[in-house]
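Encoded as structure tokens, the structure appears first; notes follow it.
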Amino acid sequence: MEKKNIDWTSLGFGYQKTDKRFVAMYKDGKWDEGQLTSDAQVVINECAGVLQYSQSCFEGLKAYTTEDGRVVTFRPDLNAERMIRSCERLEMPVFPKEKFIEAVRQTVKANEAWVPPYGTGATLYIRPYMFGSGPVIGVAPAPEYQFRILVTPVGPYFKGGAKSITVRLSDLDRAAPRGTGDIKAGLNYAMSLHNIVDAHKQGFAENMYTDPATHTFIEETGGANILFVTKDGKIVTPKSNSILPSITRRSLVQVARDYLGIEVTERQVNKAELASFEECGLCGTAAVISPVGKVVDHGKEIVFPGCAEKMGPVLQKLYDTLTGIQMGRIKAPEGWIYEIK
């Protein structure tokens, strides 16, 4: 298929309308078959559950052009499973896993001309989302829902390489104890907007949150899980019931253990330990790994020597291996790569 006439190497990380999107409607206790549409407008009731009580959740994944020219997605089954957990917690109807994967396939296939060519550094970002579209005035689940998928081509998260960022330890919480921190609910991100805007005003790239109960243990940032590397090259990643289970982090952990032979420990990480780590990285769909050069704790700077200027050697190996798998340069574990046909 002929690609769109776009300067792929100059793309930023933002939205632009593509040809098709997938829409399925839930009404009278069941989902319809869903369909692709050219209409990018969403029409809902003024009293829709999403507008009144923020009843929504979403996912994020990408489609890639591999080295041998195939168009693939990465582990969409895990995105489907995570959305199911989100829906169950928010009293929203589950969109079945196999239908989710098929809807992703259809949407990417219909927008194949928008999938950036291999080697440009760009990818096709895929955003599945669901929201309460039916009217509800009392505090209750909405009677009707829409499941949608939009796609948009995006450039690399970092222009000119992954330079190290500075983050701050936050005084605010991103999730309540036993709350919704472990699901991908839109409301989690809404409540973090003030804090991230303030962090940017203060010169920080992100907020690093501690556990909401004791403010002692490192959890995650506003939009990414965290990886630490010890001075002897081992990986430590925070463990908590209020952390969103990142698919990228889960994949990186398996890559570290099975491909690179690196020891990985998932455990509570006391903020007092920060100074003992050699490297630190934030992991997520957008950038895979974002190196952290230092954390500022109320004026005290904690520097990670291996990531002082750029991604450290251990994190770089992880990044190169996972992106190599995604781009088809390295053989993937069974079931990780879904080819779009």
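List the relative contact order of the range 1-60 as a percent without decimals, with contacts defined as Cα pairs under 8 Å and 6+ residues apart.
21
What whole number of Å gives the distance from the Cα centroid of the range 264-292 to the Cα centroid of the range 144-216?
The range 144-216 and the range 264-292 have Cα centres spaced 15 Å from each other.
Considering only protein heavy atoms and a 1.4 Å probe, what is the carbon-and-sulfur percentage of the accessible area of the chain?
Carbon-and-sulfur percentage of accessible area, whole number: 50.
Mind listing the phi-derived Karplus ³J(HN,Hα) values for the range 332-337, rounded to whole Hz, using 6.51, -1.76 and 1.60 with θ = phi - 60°, and x for any glycine or proline?
So the Karplus estimates, Gly and Pro as x, are 8, x, 4, x, 7, 10 Hz.
May I ask you to evaluate 6.51 cos²θ - 1.76 cosθ + 1.60, the Karplus curve with θ = phi - 60°, for each residue of the range 37-51 and list the ³J(HN,Hα) values in order in whole Hz, giving x for glycine and proline?
9, 8, 7, 8, 8, 10, 10, 9, 5, 5, 9, 4, x, 5, 7
Skipping prolines and chain starts, which residues have an amide H placed within reach, meaning under 5 Å, of the one on Asn45, given they are 5 or more residues away or on another chain?
none
How large is Rg over Rh for the range 138-264, taking Rg from the Cα atoms and Rh as the Kirkwood inverse mean of 1/r across Cα pairs?
Using only Cα positions, Rg/Rh for the range 138-264 is 1.00.
Whole number in Å², please: accessible area per residue of the chain, 1.4 Å probe, ligands, DNA and RNA not counted.
Computed with neighbouring chains in place, this is 46 Å² per residue.
Over the chain, what is the percentage of antiparallel beta bridges among all DSSP beta bridges, to the nearest 5?
85
Once you compute Rg and the Kirkwood Rh from C-alpha atoms, what is the Rg to Rh ratio for the chain?
0.96
Pulled fully out, how much extra length does the chain show between Thr214 and Ala40, if you take 0.36 nm times their separation in residues and subtract their Cα-Cα distance?
My answer for the length gained is 58.2 nm.
Can you compute 3J(HN,Hα) from phi for each residue in the range 176-189, using the Karplus curve 6.51 cos²θ - 1.76 cosθ + 1.60 with θ = phi - 60°, rounded to whole Hz and x for Gly and Pro?
Calculated HN-Hα couplings, in order: 8, x, 6, x, 10, x, 8, 10, 9, 8, x, 5, 4, 7 Hz.
Over the range 136-214, what is the relative contact order in percent, taking alpha-carbon pairs closer than 8 angstrom and at least six residues apart?
36
For Trp31, enumerate residues with amide H under 5 Å from its amide H, sequence gap 5+ or separate chain, H modeled in the peptide plane.
none
May I ask you to derive the relative contact order of the chain, considering only C-alpha pairs under 8 Å and at least 6 residues apart, and to give it as an integer percent?
So the answer I get is 19 percent.
Taking amide H positions as placed in the peptide plane 1.01 Å from N, state which residues far from Glu219 in sequence (5 or more) or on other chains have amide H under 5 Å from it.
Long-range HN contacts for Glu219: Tyr209, Thr210, Asp211.
Roll a 1.4 Å probe over the protein heavy atoms and report the accessible area of Tyr15 in Å², nearest 10.
140
At a probe size of 1.4 Å, how large is the accessible area of Asp68, to the nearest 10 Å²?
110
The values are calculated or read from the model by the stated rules, or taken from the named source; none is laboratory data. It should be emphasised that the depicted structure is a prediction, and the values quoted were computed from it without experimental measurement. Only protein heavy atoms, including side chains, enter the accessible area calculation; ligands, DNA and RNA are left aside. Shrake-Rupley method; radii C 1.70, N 1.55, O 1.52, S 1.80 Å.
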